[in-house]
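The block underneath contains the structure these notes are about, expressed in structure tokens.
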Amino acid sequence: MTKLKPWLPLIGIGVFAVLLLVVAPAVLSMHWINNLGKYCCWAIVAVGIGLAWGRGGMLVLGQGVFFGLGAYTMAMHLTLETAGPGSLPVFMILYDPSAPLPAFWEPFRSDAFTLVAIVLLPVIVASILGYALFKRRVKGAYFAILTQALAVALAVLISSTIRETGGDTGLSDFKYFFGFVLDDDANKIMVFMIAAALLIVCLLVVWQLGRSRFGELLIATRDAEERVRFLGYDPANIKLVAFVVAAVMASIAGAMFVPIVGIITPAEIGASASILMIAGVALGGRASLFGPALGAMAIGWGQSSLGSSWPSGWIYILGLVFILVTLFLPMGLSSLSGRAKSLVWRSRTAATAPAAASAPVLEEVKK
Amino acid sequence: MTTTGSLVVTDLRVEFDGFVAVGGVSFDAHPGEVRFLIGPNGAGKTTCIDAITGLSKGSGSVKLGDQELLGTSVNKIVRLGVGRTFQTASVFEQLSVLQNLDIAAGLHRSSLSLLRARRGIEPAIESALEETGLSTERETPAGILSHGQKQWLEIGMMLVQEPRALLLDEPVAGMSQDERTATGELLQRIAQRRIVLVVEHDMDFMRRYASRVTVLHQGKVLSEGAVAQVQADPKVQEVYLGTAGAATTAAMLAVPDGATATTDSITQGEGA
Ligand SMILES: Nc1ncnc2c1ncn2[C@@H]1O[C@H](COP(=O)(O)OP(=O)(O)O)[C@@H](O)[C@H]1O
Ligand SMILES: [Mg+2]
């Protein structure tokens, strides 16, 4: 049992992979596969937030920025692919058929450039932003508000540049995805499988980071940043790595969101969208491995089932759940299992070994 | 000069918004001695250590061997070989004893190796566990260690870094008599090869383990020398030993003076 314990999360990821990649396509209708794909995207953002916030203590309230970078990179590529070589996107023709394609669109015709940009853009933006903030020791609420403001700024920028970016209507009506016809069910399943596989990869990355020395250092930095400095490390660099990894995950999620949902608008990346991304993580348990992903999927599911049938009620239910979780389970629903385990432990060992009283604490710490 | 070099503080000054906490302090510490820095509450002892380790900005000079420390960033000073502990033990409570030591030992590891999980226990960590008597507690979360054990863990975290100088801020505050003895002996062992500078309130502990003592008062050096010499100094007796009897010393131990510093600065803030 003790030998097995370090590998339990890996087994969990394996089970999750089978459920997503084998069971789901076999039993779900196209409608739900598409929805599940969308939840996977939010889950990928959430896994990154779990790393940056749960383990690194950085309340990233503006992951919409990086989600948006990836989403718009992909959406511009798919828009150009749909328009065909040498042609303008439809929404641009509506404004001015004779205007040339804006220069910054041009490189996104290339498949390779698009794929590289999805990963590299968030690395560049998050590195510059993170370096500036962490070296200046901006943290806590200031950090949270700043990232949130950036998400708002990006959303406003896109809204206000309707001719170049499609504005509030966003980019939509994509027909092709790197040569595959998006209307085809088989291709839709393929796109879903890619998103699900990427989610699994992100979970593996966070699992490995969590068990690595870097993971221990990240938690140490979260809990006592100054102390880490006095051990000879620069906490800014440690936080930067986690922040950049989270940004890349958000970007990848945004990129997959576009072919799955078929539309991207500033509303999907602004303040409320960014907060919803955090909400799932808080609900599931920010410091755990599966909590953020499952929490995000649960919120996604709630939104598409309850949210569409009873939109006004849904937002109140979400608010209520959020309050209850913060009050009674500050470490999210995933801390329930730890608590249950430690209760069982205590009742089983209380009579026999008083020394074992420390064991439940150990349990919680190891998570 | 020995090969490791000494810690030489010359005319160190630290000001907080015009308030002179340390006003021109000079002293040195050599490898092989347990050097003590004592003085009443608010004398500027912690501030001296803060300045040496880069936490507070100071002027003057602090040299470790030929290397000037003032103006260097906190983490670089650690990498130059200066470790410190804090008045209130600060270990990573969520991590185990072993993880705490492992993080401390990692300062010279390559960034890439950080991405791997820890396998086995490095010899330096094993010997630090033994040296500090924490071998049986290696899997214990640092947060549930006793107060004394936390201080030892902090000392262990310094040891695995192989520092040239160890600065300890009130390491035995709140410890039992046995724990004090163990700590004193540990410090004497460590000091055989390294510079050890101890800030203490506890006079008895100072008497038993100090080789040389510097007494600070209101940010200035009041007296310096061997224990007997300092104790015989009438100036010292007046400001510290004479007025601060056993009862006051005990009271000082109970209230870490970090708390006083905070309230001080708060009241100062309100006054302004
Ligand atoms: N960050 C700070 N800001 C303002 N005043 C400070 C600060 N740190 C210490 N002081 C003041 O400097 C003086 C020396 O403090 P300290 O070095 O902590 O004394 P001690 O010798 O008890 O360790 C005290 O009067 C304290 O109030
Ligand atoms: Mg002090």
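The values are calculated or read from the model by the stated rules, or taken from the named source; none is laboratory data. It should be emphasised that the depicted structure is a prediction, and the values quoted were computed from it without experimental measurement. Ideal geometry is used to build each Cβ from the backbone, glycine not excepted, and the neighbour counts take in all protein chains shown. The protein model used for the area step is the full one, side chains on, heavy atoms only, and it has no ligands, DNA or RNA in it. Shrake-Rupley method; radii C 1.70, N 1.55, O 1.52, S 1.80 Å.
Bridging of A:LYS3 to lysines at a Cα separation below 28 Å is possible for A:LYS341, A:LYS366, A:LYS367, once same-chain residues fewer than 8 apart are set aside.
Radius of gyration over Kirkwood radius for the stretch A:260-343, both on Cα atoms: the Rg/Rh ratio is 1.02.
The DSSP beta bridges internal to chain B are antiparallel in roughly 55% of cases. Given a 1.4 angstrom probe, I'd like the percentage of the accessible area of chain B that is carbon and sulfur, rounded to a whole number. The nonpolar share, carbon plus sulfur, comes to 53 percent.
About its Cα centre, what dipole magnitude does the stretch B:1-125 give when the only charges are +1 on Lys and Arg Cβ and -1 on Asp and Glu Cβ, stated in debye to the nearest 20? Each step should come with its number before you reach the end.
Details: 12 positive and 11 negative charges, 93 e Å.
Dipole of the stretch B:1-125, to the nearest 20 debye: 440 debye.
Among A:27-39, A:296-308, B:34-46, A:314-326, the peptide with the highest mean count of other Cβ atoms within 10 Å heads the list, and the full ranking is B:34-46, A:296-308, A:27-39, A:314-326. Spatially, the stretch B:4-59 and the stretch A:185-249 are offset by 40 Å when compared through their Cα centroids. Using a probe of 1.4 angstrom and keeping all protein chains present, the accessible surface of chain A works out to 45 square angstrom per residue.
Could you tell me what percent of the DSSP beta bridges with both partners in the protein assembly as shown are antiparallel, to the nearest 5? Write out the running numbers ahead of the final one.
Working: 26 of 42 bridges.
DSSP beta bridges in the protein assembly as shown are roughly 60 percent antiparallel.
Between the Cα long axis of helix A:235-261 and the first principal axis of chain A there is an angle of about 50°, rounded to the nearest 10.
Projected label points at A:VAL156 and B:THR181, each 7 Å from Cα along the beta carbon direction, are separated by 7.0 nanometres. Which angle from 0 to 90°, rounded to the nearest 10, does the C-alpha axis of helix A:8-18 make with the longest principal axis of chain A? Approximately 30 degrees, to the nearest 10.
The long axis of helix B:147-159 is offset from the longest Cα principal axis of chain B by roughly 70 degrees. Contact with the other protein chains removes 20 Å² or more of accessible area, compared with the isolated chain and a 1.4 Å probe, from these residues of the stretch B:132-178: B:GLU139, B:PRO141, B:ILE144, B:MET157, B:GLN161.
List the accessible area buried at the contact between B and A, summed over both sides and calculated with a 1.4 Å probe, in Å² to the nearest 100. Spell out each step's value before the answer.
On the way: alone 12900 and 17820 Å², together 28040 Å².
Its buried surface, counting both partners, is about 2700 Å².
The residues of the stretch B:105-122 occluded by other protein chains by 50 Å² or more of accessible area, set against the chain on its own, are B:LEU114, B:LEU115, B:ALA117; surface from heavy atoms, 1.4 Å probe. Taking amide H as placed 1.01 Å from N in the peptide plane, B:PHE16 has its amide H under 5 Å from the amide H of B:ALA21, each at least 5 places away in sequence or on another chain.
Under 28 Å between C-alpha atoms is the cut-off here; go through the stretch A:25-269 and count lysine pairs that meet it, provided they're at least eight residues apart or on different chains. Walk me through the numbers on the way to the answer.
On the way: A:LYS38/A:LYS175; A:LYS38/A:LYS188; A:LYS135/A:LYS239; A:LYS139/A:LYS239; A:LYS175/A:LYS188.
So the count works out to 5.
Shape summary of the protein assembly as shown, radius of gyration then Dmax from alpha carbon positions: 29.6, 97 Å.
Simple point charges give the picture: +1 on the Cβ of Lys and Arg, -1 on the Cβ of Asp and Glu, and for the stretch A:25-269 a dipole about the Cα centre of about 1060 debye.
The separation of the stretch B:166-186 from the stretch A:252-326, counted between C-alpha centres, amounts to 52 Å.
Backbone amide hydrogens, once placed in the peptide plane, bring B:LEU37 within less than 5 Å of B:VAL198, B:VAL199, B:GLU200, B:THR214, excluding anything fewer than 5 places away on its chain.
Starting from the Cα-Cα distance between A:SER110 and A:TRP32, subtract it from 0.36 nm times their residue separation and give me the gain in nm to one decimal. Show your work: numbers first, answer last.
Details: separation 78, 0.36 × 78 = 28.08 nm, distance 3.14 nm.
Additional length available on full extension: 24.9 nm.
Counting lysine pairs in chain B that sit 8 or more residues apart in sequence, or on different chains, and whose Cα atoms lie under 26 Å apart gives 12.
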